[in-house]
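S.K.: Below is one structure. I have some questions about it.
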Amino acid sequence: MRPSARLAAAAEILDGFASKRPVEPQLKAWARDNRYAGSKDRRAIADRVYTILRHLLTCAAQGGSTTGRALVLGSLVAVDELTILEIDALCPGGYGLAPLDEAERAALTSPPNHPSEAARLDWPAWLWDHANDAFGTDTPAELDALRQRAPVDLRVNTLKTTVEQAISTLQADDFAPETVGPLALRLPPNSPVFRAEAYTNGLIELQDAGSQIVAAMTGTQPGETVLDFCAGAGGKTLALAAMMQNDGILIAHDIDPARMAALPARATRAGVTCLRPIADGALPDDCDRVLVDAPCSGSGSWRRDPAGKWALSPERLAELTAAQDDALNMAAQHIRPGGTLTYATCSILPVETEARITAFLACHTDFHLLDQRRLHPARDGCDGFFAATLSRAD
């Protein structure tokens, strides 16, 4: 496909997003309906769509409208920094973008008009106070970090290998990983790590460096009984298994078992043997550690899922905080005296983080706070996370 045709496809998909259609299914449907497009074409179209979603308000301001075409044109100036002559060359008509009209030319050659600091930083206006509460004077830098492309972070699976061996295996496949944590390696954005021998053989797992820190905060040890109460796809579950060295009982649970569909295969690839078969039976009430990686806005990972930034509403946020309270209250029933509860969210919003711990402690006087930590994208170089570890009285 010609570059202009790729841009036209991105504009079509963004028109669907404006009509409240989820982006990922649209990209898959477009690829299914346009089988002539190669993998590079599909990747370029997806990259353009997600780049625009990260900079949605800026692209709209620069393009003069919120139509898919205007967003794409705006991105060519605001993100790619192309000149008007270069943009003209990308708008030949035919199967590509139609030639610019005078209104578009005027918008693209004028500075974008941002109505607020939130708009300048591509942040929903209704969440501005939440961001300031979280970041204070660092708000501009942190929100800017949340609209950049995220790297590919990997966790070395110590059940199968060492950091040195994992790096060597990746290098043999022409990857150049950077070490960013005790077991965390980093590759550039969009690195095709699924094709790497280190991945297919279970030597590494995809996991953000911040998520790895959260798992470590549980303090999990070999020989313990550990419950991952909101396991989902199991990224932290597998990290806990490695911390346990496959010695003990690891239970994965989720209120929606379908979310864990991929976990058994992932566990097998990773060499995990301490994972209790997932079933609908009663959970034990004497766990040494319980992790509650609660459902949340995902605001800390909006650089990876920028569509989520524009889908969140005040009503949905209220639903999530209620679900977080419920998850904490239910999980607390499964901790033995002297055991620990770790609450985590991939969120930077205080209403989903510190506020939930404050509410929980007010109702559960037999728990006290051991440790609490925030991870910020600009400051810490990872997704935004919050985690707090509580101890239950003996």
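The values are calculated or read from the model by the stated rules, or taken from the named source; none is laboratory data. Treat the numbers as computed from the prediction; the structure is a model and nothing was measured. With ideal geometry, Cβ positions are generated from the backbone for all residues, glycine too; neighbour counts draw on all protein chains shown.
S.K.: Kindly list, by first and then second residue, each pair from a residue in segment 270-284 that is at pLDDT 95 or above and surrounded by 14 or more Cβ atoms within 10 Å (Cβ to Cβ) to a residue that is part of a loop (DSSP other than H, G, I, E, B) and among the polar types (S, T, N, Q), limited to pairs with Cβ atoms under 7 Å and residues at least 6 apart or on different chains.
M.R.: From segment 270-284, the pairs are ALA270/ASN157; VAL272/ASN246; CYS274/ASN246.
Residue-by-condition table, conditions (1) part of a strand (DSSP E or B); (2) surrounded by fewer than 21 Cβ atoms within 10 Å (Cβ to Cβ); (3) out of contact with any Lys or Arg (no Cβ under 8 Å at 6 or more places or on another chain):
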{"position": "ARG155", "(1), (2), (3)": "yes, no, yes"}
{"position": "SER168", "(1), (2), (3)": "no, yes, yes"}
{"position": "ALA176", "(1), (2), (3)": "no, yes, yes"}
{"position": "ALA198", "(1), (2), (3)": "no, no, yes"}
{"position": "GLY202", "(1), (2), (3)": "no, yes, no"}
{"position": "GLY210", "(1), (2), (3)": "no, no, yes"}
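S.K.: Which of the residues spanning segment 229-284 are small (Gly, Ala, Ser) and outside any loop (DSSP other than H, G, I, E, B)?
M.R.: Of segment 229-284, the ones small (Gly, Ala, Ser) are 231-235, 239, 241-242, 248, 252, 258, 261-262, 265, 267, 270-271, 279, 281-282.
Passing the criteria: GLY235, ALA239, ALA241, ALA242, GLY248, ALA252, ALA258, ALA265, ALA267, ALA270.
S.K.: Which residue, of GLU24, GLU86, GLU81, GLU104, is of a type in the set (D, E, K, R) and either in contact with a Lys or Arg (Cβ under 6 Å, 6 or more places away or on another chain) or surrounded by 13 or more Cβ atoms within 10 Å (Cβ to Cβ) (or both)?
M.R.: On inspection, the qualifying residue turns out to be GLU104.
S.K.: Another question, if that's okay. Among residues belonging to segment 137-153 that are buried (at least 22 other Cβ atoms within 10 Å of the Cβ) and hydrophobic (A, V, I, L, M, F, W, C), point out the one that is farthest from GLU197 (Cα to Cα).
M.R.: Step by step, filter segment 137-153, then rank; the result is LEU143.
S.K.: Could you pull out every one of the helices (runs of 4 or more DSSP H) wholly within segment 1-91 that has 1 or more residues that are in contact with a Phe, Trp or Tyr (Cβ under 6 Å, 6 or more places away or on another chain) and farther than 24 Å from TRP310 by Cβ?
M.R.: 3-18
S.K.: State which residue pairs qualify: first residue surrounded by fewer than 20 Cβ atoms within 10 Å (Cβ to Cβ) and inside segment 116-136, second residue of a type in the set (S, T, N, Q) and assigned to a loop (DSSP other than H, G, I, E, B) in any location, beta carbons under 8 Å apart, and separation of 6 or more residues or different chains.
M.R.: ALA125/SER116; TRP128/SER116
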